[in-house]
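Trainee: Quick one: the structure is below, and I'll ask about it shortly.
The values are calculated or read from the model by the stated rules, or taken from the named source; none is laboratory data. Everything numeric in this text was worked out from a predicted model, so none of it was measured. No Cβ is skipped: glycine too gets one built from the backbone with ideal geometry, and neighbour counts run over all protein chains shown.
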Amino acid sequence: MKKIILPGVGHFGHCLTQFKSAGYVEPITKHIKSGKPFMGICVGLQALFESSEESPTTPGLGLIKGHLKRFDDSSKAVPHIGWNSANTVGQTSSNVSFYCLRPSSKYYYVHSYAVPYTPGELEADGWKVATAQYGDEEFIGAVCRDNVLVTQFHPEKSGAAGLRVLQAFLEGNSEQQIPDARNATEIGQGLTRRVIACLDVRANDAGDLVVTKGDQYDVREADAAGGAVRNLGKPVDMARRYYEQGADEITFLNITSFRNSPVADTPMLEVLRRTSASVFVPLTIGGGIRDTVDTDGTKVSALSIASLYFASGADKVSIGSDAVYAAEEYFAADRSLTGRTAIETISAAYGKQAVVVSIDPRRVYVASASATSHATIETSISGPSGERFCWYQCTVRGGREGRDIDAVQLATAVEAMGCGELLLNCIDRDGSNSGFDLELVEMVKKAVKIPVIASSGAGKPEHFVEVFEKTSTDAALGAGMFHRGEWTVAQVKAEMMGRGLLVRLPEEEVEVQVEG
Ligand code: 1PR
């Protein structure tokens, strides 16, 4: 074998145990020691170090000195999800980089454990190092020496910047002068604010898959045409367009389940396959992820459905209604975990970063905080009868049914189950173009340590600036304003940049030829 690329997501101990039991450790070590090109990605980087706090009893391969530690979550969200640097300036002799890493580029990371950077330590062993900064922690983004390159980030999900790294590895192009080397402090280091484009997908009345968009979740036209499903375009084409505009992630929500087709033929699988062939940023898929019964009567677990989506190109699955039912059971059982919920089983198999919970709450106004047992806020937007307090009621089945559980309860329950990120919608704001519900976002952010994506209500670029400036949200999502062609993702990012917020900008396209 000429070259090995070892990609990996998930749990350090689980991955290393799997490598060992599959008999991979010896051939990989032999390959590396023989001087043949080797690239490790994410857990593929972690495996080469000595150990990880994630699984203290499982030794790593120990080819690189160092130990992985969990990020400190006392003042920042963990997992670390999003676009960050892999900066070689300052770590190597200036102006020199490796495998086409650029200090000004951003790369996609998703992990909770990292190797802290100690200046000079790995360099003393001949490694070249690129680092990233998360909060006050500086950690290893990539290292290389001789025939070995390992990256904590995912080059295959890092747009053109990542494709350039893959191409350099495949071509053996291991060292370059950096054309745009500037003082590292001049370049915005650290995690960027993520802008996500969301496509609600469903079959229209003619049976074609279309991107649609509702107002408060109602996706039918209110016109004389008989209330047809609003058709805003084709999912794969629109995903590609948003990728080109610089979207940091794409989310597909299958807002009606395809009840008449067998699970393995679900049309969203094809949408994912086609999208992942030309869109190199993370893809999330939601809708219908729950234990179900196939058209032939076979029982299919949520984990099997998620596995089909991952195999078709999804990086994360998003769970809606099923998470609400699971949280209700969690509280009914005095906060005990069963290990059998969709969140727990998918998180255990693919890692918590692969599990998003989509929350669909609606405001319920009350006269006082004591009028309900739910967590309330004193709101700046009074209710219809002048009420000054409200709580956020979670719904299921696309907002059709309200349940007796609030957004904070749901968020904390699913975090305990192993969810890695929250997609926080708000039915009152959906399609309203009136901006995000800042009060909801801040309330949920305060309740959890995992990242939160603010969603619903974006109508112009300033709304993204507002939610990032006035709340501690980790990401923000827009739908209608992009689909109707009123604004582009690039315009949103330009506005954010102008206001001093750190964003990732798209880079020139790269074509990777894989041979041999
Ligand atoms: O319950 O696990 O099958 O998941 C169903 C998923 O489909 C959930 O994530 C739920 O939010 C979504 N969904 C169901 N019905 C609708 C609908 O619109 N009728 N879409 C729906 C919700 C997603 C929002 C929207 C933002 C931004 N829409 O994320 O994209 O509100 O819109 P805007 O920027 O235009 O305001 P399950």
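Trainee: Of all residues in region 284-295 being in a loop (DSSP other than H, G, I, E, B) and more than 10 Å from the ligand (Cβ to nearest atom), which is surrounded by the most Cβ atoms within 10 Å (Cβ to Cβ)? Lay out the reasoning, then the answer.
Mentor: Pass one, region 284-295, residues in a loop (DSSP other than H, G, I, E, B): 287-291, 294-295.
Retained after the next criterion (residues that are more than 10 Å from the ligand (Cβ to nearest atom)): 291, 294-295.
Values: 291: 16, 294: 14, 295: 11.
Step by step, filter region 284-295, then rank; the result is 291.
Okay, residues lined up against (1) of a type outside the set (Lys, Arg); (2) outside any helix (DSSP H, G or I); (3) under 27 Å from the mean Cα position of the chain (by Cα):
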{"site": "358", "(1), (2), (3)": "yes, yes, yes"}
{"site": "363", "(1), (2), (3)": "no, yes, yes"}
{"site": "381", "(1), (2), (3)": "yes, yes, no"}
{"site": "384", "(1), (2), (3)": "yes, yes, no"}
{"site": "393", "(1), (2), (3)": "yes, yes, yes"}
{"site": "412", "(1), (2), (3)": "yes, no, yes"}
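Trainee: A further question on this structure: Consider region 315-345. How many of its residues are in a loop (DSSP other than H, G, I, E, B) and in contact (Cβ under 8 Å) with a residue 40 or more places away in the chain?
Mentor: So the first thing to find is which residues in region 315-345 are in a loop (DSSP other than H, G, I, E, B), and the list is 315, 320, 333-341.
Narrowing further to those that are in contact (Cβ under 8 Å) with a residue 40 or more places away in the chain: 315, 320, 335, 337, 341.
Qualifying residue count, region 315-345: 5.
Trainee: Further, regarding this structure: Give just the number: which of (1) over 24 Å from residue 79 (Cα atoms); (2) in a loop (DSSP other than H, G, I, E, B); (3) away from the ligand (no atom under 16 Å from the Cβ) does residue 490 not satisfy?
Mentor: (2)
Trainee: Exactly one condition in (1) within 22 Å of residue 509 (Cβ to Cβ); (2) within 13 Å of the ligand (Cβ to nearest atom); (3) hydrophobic (A, V, I, L, M, F, W, C) is not met by residue 281; state its number.
Mentor: (2)
Trainee: Against the definition (within 16 Å of the ligand (Cβ to nearest atom) and of a type outside the set (Asp, Glu)), how does residue 341 come out, yes or no?
Mentor: Details: within 16 Å of the ligand (Cβ to nearest atom): yes; of a type outside the set (Asp, Glu): yes.
When the stated conditions are applied, residue 341 passes them.
Trainee: Residue 509 is checked against (1) part of a loop (DSSP other than H, G, I, E, B); (2) assigned by TED's automatic domain parsing to the domain that holds residue 352; (3) in contact (Cβ under 8 Å) with a residue 60 or more places away in the chain and fails just one. What number does that condition carry?
Mentor: Of everything listed in (1) part of a loop (DSSP other than H, G, I, E, B); (2) assigned by TED's automatic domain parsing to the domain that holds residue 352; (3) in contact (Cβ under 8 Å) with a residue 60 or more places away in the chain, residue 509 misses just condition (2).
Trainee: If you take the residues of region 95-146 that are of a type in the set (S, T, N, Q) and over 28 Å from residue 475 (Cα atoms), which of them is surrounded by the fewest Cβ atoms within 10 Å (Cβ to Cβ)?
Mentor: As a first pass, look at region 95-146 and keep what is of a type in the set (S, T, N, Q): 95, 97, 104-105, 112, 118, 131, 133.
Now restrict to residues that are over 28 Å from residue 475 (Cα atoms): 95, 97, 118.
Numbers: 95: 13, 97: 24, 118: 11.
Per the stated criteria, the residue is 118.
Trainee: Would region 168-187 turn up any residue that is among the β-branched types (Val, Ile, Thr) and closer than 30 Å to residue 318 by Cα?
Mentor: No: zero hits.
Trainee: Of everything in region 193-221 that's away from the ligand (no atom under 14 Å from the Cβ) and aliphatic (A, V, I, L, M), which residue is surrounded by the most Cβ atoms within 10 Å (Cβ to Cβ)?
Mentor: Quick first cut of region 193-221, residues away from the ligand (no atom under 14 Å from the Cβ) only: 193-194, 205-209.
Add one more test, that the residue is aliphatic (A, V, I, L, M), and what stays is 206, 209.
Values: 206: 9, 209: 18.
By that ranking, first place goes to 209.
Trainee: Name the single residue, out of those in region 223-239 being more than 27 Å from the chain's Cα centre (by Cα) and more than 14 Å from the ligand (Cβ to nearest atom), that is modelled with the highest pLDDT.
Mentor: Only one residue fits best here, namely 228.
Trainee: Which members of region 448-486 meet the condition of being near the ligand (Cβ under 10 Å from one of its atoms) and assigned to a helix (DSSP H, G or I)?
Mentor: 463, 480, 481, 482, 483
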